[in-house]
Amino acid sequence: MSSTVPDAAKLVGLLADDTRRRTFAALALGASTIDEVVEASGLAAKDVHDAVARLTTGGLVVLGDSGSLVLLASVFGHAARAAATTTERPSSPRERVLQTFVVDGRLTSLPKARAKRLVVLEEIAQDFEPGLKYSEGEVSVIAERWHDDYAALRRWLVDERFLDRDNGTYWRSGGAVFNSE
């Protein structure tokens, strides 16, 4: 998978279109299928299909199990932090670790040192909304956006208590919640 986290300008471009913005809003309010987006947004099914395709290509939506749509609202925070760090020298140890291991929204390598790995995992955990349940397939799709070895990331997220798991269902259980404002 080669999808990267969109930058702030690309996000603005993706949401400049009213149809994509309404599709995004329906997903943000809990729709998880094309039919649910059509119902919530009042848009035609073809328009929703086109908008979802564009939002997926743009890195705001991923396809989960059985065609479910998973909104990655955390990309706004990632884009805001990336924009801030491109104009400034990283000032915190956390920012330095992320700058070392994350390029264009993807891990360049998996950190061996636990302290650095925790920083990276906390950043990845931002892609999982607190209170939502995810299937193993959805967790894998989101983790694969970060690194090809999504199974290792999924395992580390559970082992380090960023995600909990029960009977194939995952949910966010740890990590800070960053505000992008």
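Tabulated values for the structure
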| read-out | value |
| --- | --- |
| FRET efficiency, residue 57 to residue 133 (Cβ-Cβ, R0 25 Å, nearest 0.05) | 0.45 |
| Loop chymotrypsin sites (Phe, Trp or Tyr not before Pro), the range 88-181 (other Cβ atoms within 10 Å of the site Cβ: 16 or fewer; DSSP) | 178 |
| Extension gain, residue 100 back to residue 158 (0.36 nm per residue minus Cα-Cα distance, nm) | 18.6 nm |
| Gain in span if fully extended, residue 28 to residue 167, counting 0.36 nm per residue against the direct Cα distance | 47.4 nm |
| Shape box of the range 8-71 [Cα atoms, principal axes, largest first, Å] | 30, 24, 20 |
| Order of 147, 49 under a 10 Å beta carbon neighbour criterion, fewest first | 49, 147 |
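Just so you know, all these numbers are worked out from the coordinates, no wet-lab data involved. Just so we're clear, the structure is a prediction, and the values are computed from it rather than from any experiment. Note that we place each Cβ from the backbone using ideal geometry, even for glycine, and neighbour counts take in every protein chain shown.
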